[in-house]
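Below is one structure; the comments refer to it alone.
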Amino acid sequence: MKIGILSRKESLYSTRRLAEAARKRDHVVQVIDHLRCYMDITSRRPTIYFAGEKLQGFDAIIPRIGASVTFYGTAVVRQFEMMGVYSVNESVAISRARDKLRCLQLLARKGIGLPTTAFAHSTKMTHDLIRVVGGAPLVIKLLEGTQGIGVMLAETDKSAESIIEAFRGLDAYFLVQEFIKESAASDIRCLVIGNKVVGAMRRQGKKDEFRSNLHRGGRATTARITPDERATAVGAAKTMGLNVAGVDMLRSNRGPVVMEVNSSPGLEGIEATTGKDIADMIIAFIENNAKPGKTRTRRKG
């Protein structure tokens, strides 16, 4: 097979590991910087160009689209789909997962466990917003934040009011969520491929830090998950339409609650923690599922 990996740099751990795994299984691999691609979108034969050359002959692509370039990145993925190329995660699914509000709304409709979450536009609703999630302490998240950036813990109603008013003054959109105290500044990252959790780790935030992101100094250990947590992770990925996803959950007194579904999960932490070859599993999934024209986007237009 000829596999394209859409990534800004071949040296990035996840990109490098996926390329190594694919070549080890005798596939032809090309790493493509999606921001350097340009497209002929009006032709009856959709085309993508990269570095002056037409990209063609691909059987599958693996999108590694950064959050800051979601719009253009998904446009490139969509163009490949229009060409009949199989994408391990389709453009619609990536966009769905990246929109935090839309993601939570879809998960709620499917009955997936979530923290109590509120959303509003006017600061006139601040008191009601705080009341809906049960009052302080509570968490306030920017919709555009990633890797724990733009996530704040308000320990009192007064501090929550101040943060909300500041965000609205900047015309920023945000979510207000209940604080799951019993999670003890830790979460569970499940790596889902297809209909299976292939790896799970528990991430623990550093002292005096309620965020557990590894990028913020958190540490990871192998996690043994419950059947309910396993079903929740798979259900969340399926709801988003993602074949490969990182599902972040908190352990609450009422069961697992999903915090985020990541369409381009990093492989370094999960592989180092679990000792599993996740990259090889992703390539194996592509081998078993990639077929010409097997893309819902192309059929729906």
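Here are the numbers for the structure shown:
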{"read-out": "Total charge dipole magnitude, the range 117-179, about the Cα centre, Cβ charges on Lys, Arg, Asp, Glu only, Debye to nearest 20", "value": "60"}
{"read-out": "Residue order, fewest to most surrounding Cβ atoms within 10 angstrom, among Phe179, Phe174", "value": "Phe179, Phe174"}
{"read-out": "Long-range amide H partners of Asp99 with built H, under 5 Å", "value": "none"}
{"read-out": "Cα-projected label distance for Arg254 with Lys158, points at 7 Å along beta-carbon direction, nm", "value": "3.0"}
{"read-out": "Coordinate range along principal axes, alpha carbons of the range 2-89, Å, largest first", "value": "37, 29, 25"}
{"read-out": "The range 2-89 - charge dipole about Cα centre, Lys and Arg +1 at Cβ, Asp and Glu -1, debye rounded to 20", "value": "140"}
{"read-out": "Dipole axis of the chain (+1 Lys, Arg; -1 Asp, Glu on Cβ), positive-most option in Ser162, Val151, Val192", "value": "Val192"}
{"read-out": "Nitroxide proxy distance, nm - points 7 Å out along Cα→Cβ at Tyr49 and Gln30", "value": "1.4"}
{"read-out": "Too-long pairs where the Cα-Cα distance tops 20 Å, listed order kept, from Lys110/Lys291; Lys100/Lys181; Lys196/Lys276; Lys2/Lys24; Lys24/Lys276; Lys110/Lys141", "value": "Lys110/Lys291; Lys100/Lys181; Lys110/Lys141"}
{"read-out": "Interchain or long-range residues, amide H under 5 Å from Ile32's placed H", "value": "Ile5, Leu6, Ser7"}
{"read-out": "Debye equation applied to the C-alpha atoms of the chain, log10 I(q)/I(0) at 0.07, 0.08, 0.11, 0.16 Å⁻¹", "value": "-0.29, -0.37, -0.69, -1.28"}
{"read-out": "Formal net charge of residues neighbouring Thr126 (Cβ-Cβ distance under 14 Å; K, R +1; D, E -1)", "value": "0"}
{"read-out": "Positive-end extreme of charge dipole, the chain - chosen from Ser68, Phe174, His27 (charges on Cβ)", "value": "His27"}
{"read-out": "Residue-averaged [θ]222 nm for the chain, counting only DSSP H segments that reach four residues, each worth -39500 (n - 2.57)", "value": "-10000 deg cm²/dmol"}
{"read-out": "Cα-centre dipole for the chain with unit charges at Cβ (Lys and Arg positive, Asp and Glu negative), debye to 20", "value": "760"}
{"read-out": "Additional length obtainable on full extension of the chain from Ala231 to Asn288, 0.36 nm per residue less Cα span", "value": "18.3 nm"}
{"read-out": "Contact order relative to length of the chain, as percent, for alpha carbon pairs under 8 angstrom and 6 or more apart", "value": "19"}
{"read-out": "Charge context of Thr47, other residues only, Cβ under 10 angstrom, K/R +1, D/E -1", "value": "+1"}
{"read-out": "Geometric extent, Cα atoms of the range 1-153 - Rg, Dmax (angstrom)", "value": "19.7, 60"}
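Rule-based calculations on the coordinates, nothing more; no lab input. Fair warning: this is a prediction, and the values are worked out from it, not measured in the lab. We place every Cβ from the backbone using ideal geometry, glycine too, and count neighbours over all the protein chains shown.
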